[in-house]
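S.K.: Sending over a structure as structure tokens; questions will come in a sec.
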Amino acid sequence: MLFPGLKKLRNQFGFQDNGHCVYGFRQNSFVMFADGQGMKVLSFFFPVELDAEDVAKVKSWHRKGYATELSAEVGTCCATMEFKEVFLPYKTSRMAEIITDLTDYVASKYPDAPRRCLGSDCSAQVDGELQIFEIDGVPTPLCVECAKQYQVAVDEVNSTFEEQPNNYEQGALAAAAFSVPGILLSLFLYALGRLSSVTGLVYLYLAMKGYTWARGKMNKVGVCIIALISLAFSALGTYVGFVFQLVRQLSELDQLADSPLGERVSYALELVEDPEVHSILVRDEIMTLCLCVVGIAYYFYLMFRGAGKVTAKKL
């Protein structure tokens, strides 16, 4: 998703976007930027390998306080900058200033350097336009030969992926087994007198770990299995934690203090059916499931885009 600031920056430079990333050439340098989690990321791919003077020029924007994090090394053709965002979006006018300055600098210092192909181990430089391919969501300028090689590699990877066993049953069982310890967290949080809604994200993490540990196939079916198990355990963990809290509260009553544990558990289960008590349980269940759904909606949005086949397409 592109926010208004990056759309404005895209229009300013006449760049393109693929829905989540803005990209384009400015003079002889390839520029790409996107919104991240609490930050904006700006990447440069220059037509030449950077020397010490070039790296110093790039890093000057870190010293000026514009870039929070910066990566640029001598002998490479790329540089990456991160701009942290706390409460307000980072000013894209500063990003525009950096893009203009560095691309002008490189074009002035290396006026005859053609645009560079970003294929693996490729040093081809092209006087004309490079083909822009989206490699697993990342815009990448490629020469014709590298584009062909990427397509062959992608076909091989996808063929191998299709031949892998699904392991859905093993993956589901492992996801459930790995989620069981999350119930202890629900019990602990209820013991502290707090809602266990945060456990929704914990169950999501545990289910994913269990599924991948059992080598479950990470396609869209696998993603759905993980989501369903994490939701089921979010509801189960909240229920068990709620009943556990009732049992603790019943133990504090004089008439039930010396009663067997089984009797207190049985009475707690009966209390859950009481409309007033049940409404509190439903409230806790909804809060837990909502947080789990939020995590699934965000995390699995990314996974659904990349689950299954490796993609490479011309933009």
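We did not get these values from a lab; they are worked out from the coordinates using the rules stated. None of these values were measured; they are calculated from a predicted model.
S.K.: Cross-link list LYS84/LYS220; LYS7/LYS91; LYS7/LYS57; LYS7/LYS148; LYS64/LYS91: which exceed 22 angstrom alpha carbon to alpha carbon? Let's see the in-between values first.
M.R.: Working: LYS84/LYS220 32 Å; LYS7/LYS91 13 Å; LYS7/LYS57 27 Å; LYS7/LYS148 32 Å; LYS64/LYS91 15 Å.
Over 22 Å apart, Cα to Cα: LYS84/LYS220; LYS7/LYS57; LYS7/LYS148.
S.K.: Something else: In the calculated pair distance distribution of segment 168-308, what percentage of Cα-Cα distances lie above 26 Å? Walk me through the numbers before you get to the answer.
M.R.: Working: 3138 of 9870 pairs.
The proportion of pairs with Cα distances above 26 Å equals 32 percent.
S.K.: Kindly give Rg over Rh for segment 4-161, based on alpha-carbon atoms, with the Kirkwood expression for the hydrodynamic radius. List each step's numbers first, then the result.
M.R.: Details: Rg = 16.1 Å, Rh = 16.5 Å.
Value, to two decimals: 0.98.
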